[in-house]
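These notes are about the structure you will find just below.
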């Protein structure tokens, strides 16, 4: 489930209530509303109290409107999550398997949030997060505190680094309730490129 949840935070937007934040949220909403597809490479580092060193994974992400999403790990092992036309799949060892009802429902929920945020519709969802924003090194740093119980059980906070030049989130930090941390850094971000149908 945690693998599925953090996919959502790569592309998510959020609501900001302070008057000084209105211009920021409008800028992000306008950028995301124009995104028809998005691809990137990512490096994920997971730190845990039970491990002396972080565990590093690498991979690629691809998103396309019409409910299509691919989150692919390439190292240290190959694993792919796919959302296509309302159906959720996992691909492992060359085999593509339709997820069971419970896992599929969770993946569809997260994917729906991704789609709404990429199109700008999710930017007014104050029921999901309480968010604060600051500017740092030319980026907008959005710190999100979950309001929904299912997310509260897993995460204390999620921090997004929104890069105005790229018009995308290029770093995510997820602090879990138990103190573990997942950091995801995106590179080679490309918006609105034509994707092959067999990507999904």
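Applying the selection to region 128-151, what residues are outside any strand (DSSP E or B) and either under 18 Å from the mean Cα position of the chain (by Cα) or buried (at least 16 other Cβ atoms within 10 Å of the Cβ) (or both)?
128, 147, 148, 150, 151
Taking the condition of being out of contact with any strand residue (DSSP E or B) (no Cβ under 8 Å at 6 or more places or on another chain) and at pLDDT 90 or above, how many residues in region 186-200 meet it?
Residues flagged as out of contact with any strand residue (DSSP E or B) (no Cβ under 8 Å at 6 or more places or on another chain) and at pLDDT 90 or above within region 186-200 amount to 1.
For region 1-22, indicate whether the set of residues that are over 23 Å from residue 175 (Cα atoms) and at pLDDT 60 or above is non-empty.
Yes, because at least one residue in region 1-22 is over 23 Å from residue 175 (Cα atoms) and at pLDDT 60 or above.
With the requirement that a residue be touching a strand residue (DSSP E or B) at 6+ places or on another chain (Cβ under 7 Å), without any contact (Cβ under 8 Å) to a residue 40 or more places away in the chain and either buried (at least 17 other Cβ atoms within 10 Å of the Cβ) or under 18 Å from residue 92 (Cβ atoms) (or both), what does region 56-77 give you?
57, 58, 59, 60, 72, 73, 74, 75, 76
For residues that are in a loop (DSSP other than H, G, I, E, B) and in contact (Cβ under 8 Å) with a residue 12 or more places away in the chain, tally how many sit in region 152-197.
14
Only one of these conditions is not met by residue 157: (1) surrounded by 14 or more Cβ atoms within 10 Å (Cβ to Cβ); (2) over 12 Å from the mean Cα position of the chain (by Cα); (3) at pLDDT below 85. Which number is it?
(3)
With the structure loaded, tell me whether residue 66 is modelled with pLDDT of 85 or more and not in a strand (DSSP E or B) or whether it fails that test.
Answer is no for this residue.
The values are calculated or read from the model by the stated rules, or taken from the named source; none is laboratory data. Remember, predicted model here, so these are calculated numbers, not experimental data. Positions of Cβ are backbone-derived with ideal geometry, glycine not excepted, and every protein chain shown enters the neighbour counts.
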